[in-house]
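Engineer: Before anything else, here's the structure in question.
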Amino acid sequence: HLNIKLQIVIKRLTWQDFEVLIDLIFRQGGWQRLSERGKTQKTLDLDLLAPVTNERAMVQIKSKSNLKEYKDYLIEFSKHEWHYQKFFYIVHTPATDLLNYKEEGTANLCFVEKISELSIAAGLVDWILKKVS
């Protein structure tokens, strides 16, 4: 199945290419990046705007992460909730504690299975394959 094979390939991307992939997925979904990727601040990899709804999203991208690190970022997001309506935490290889965590509130956890589905839907399979070859 393409999705399962693509998950393995996504995990082989460099962290820089993984960040670009996530940026491309959001942009294919209509989000606009408001700042340079990864340059805004330590706790923010992407600062996004959905122009139709005028919603702002804070996106943190990690190759690997665990529950403690995720909760630390949630605290940071809560300091900016007046500015951002959504928080996406994207990890291709979560630790078991994070993988088994049940989401709460306005945060959106996204792991490699979902990233693979979104990559296929966005037409990014060839881009991913070229990056790892």
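The values are calculated or read from the model by the stated rules, or taken from the named source; none is laboratory data. In this text the structure is predicted, and so the values were computed from the model without any measurement. Ideal geometry is used to build each Cβ from the backbone, glycine not excepted, and the neighbour counts take in all protein chains shown. Ligands, DNA and RNA are excluded from the accessible area calculation, which covers all protein heavy atoms including side chains. Shrake-Rupley method; radii C 1.70, N 1.55, O 1.52, S 1.80 Å.
Engineer: Do you know which of the residues in region 83-105 that are assigned to a strand (DSSP E or B) and of a type in the set (V, I, T) is most open to solvent (accessible area, probe 1.4 Å)?
Structural biologist: T93
Engineer: Taking the condition of being under 21 Å from Y84 (Cβ atoms) and open to solvent by 80 Å² or more (accessible area, probe 1.4 Å), how many residues in region 106-133 meet it?
Structural biologist: So the answer is 1.
Engineer: Could you please find all residues in region 55-71 being open to solvent by less than 50 Å² (accessible area, probe 1.4 Å) and not charged (D, E, K, R)?
Structural biologist: The answer is A57, M58, V59, Q60, I61, S63, S65, L67, Y70.
Engineer: Looking at (1) assigned to a strand (DSSP E or B); (2) touching a Phe, Trp or Tyr at 6+ places or on another chain (Cβ under 6 Å), which is the one condition that is false for F77?
Structural biologist: Of everything listed in (1) assigned to a strand (DSSP E or B); (2) touching a Phe, Trp or Tyr at 6+ places or on another chain (Cβ under 6 Å), F77 misses just condition (1).
Engineer: Any idea how many residues of region 45-68 are under 11 Å from S35 (Cβ atoms) and of a type in the set (D, E)?
Structural biologist: So the count comes out to 2.
Engineer: So A107 fits all but one of (1) within 14 Å of the chain's Cα centre (by Cα); (2) under 23 Å from N3 (Cβ atoms); what number is the exception?
Structural biologist: If we test A107 against (1) within 14 Å of the chain's Cα centre (by Cα); (2) under 23 Å from N3 (Cβ atoms), just (2) comes out false.
Engineer: Just give me the residues in region 39-66 being under 11 Å from L109 (Cα atoms) and aliphatic (A, V, I, L, M), in sequence order.
Structural biologist: Of everything in region 39-66, those that are under 11 Å from L109 (Cα atoms) and aliphatic (A, V, I, L, M) turn out to be V59, I61.
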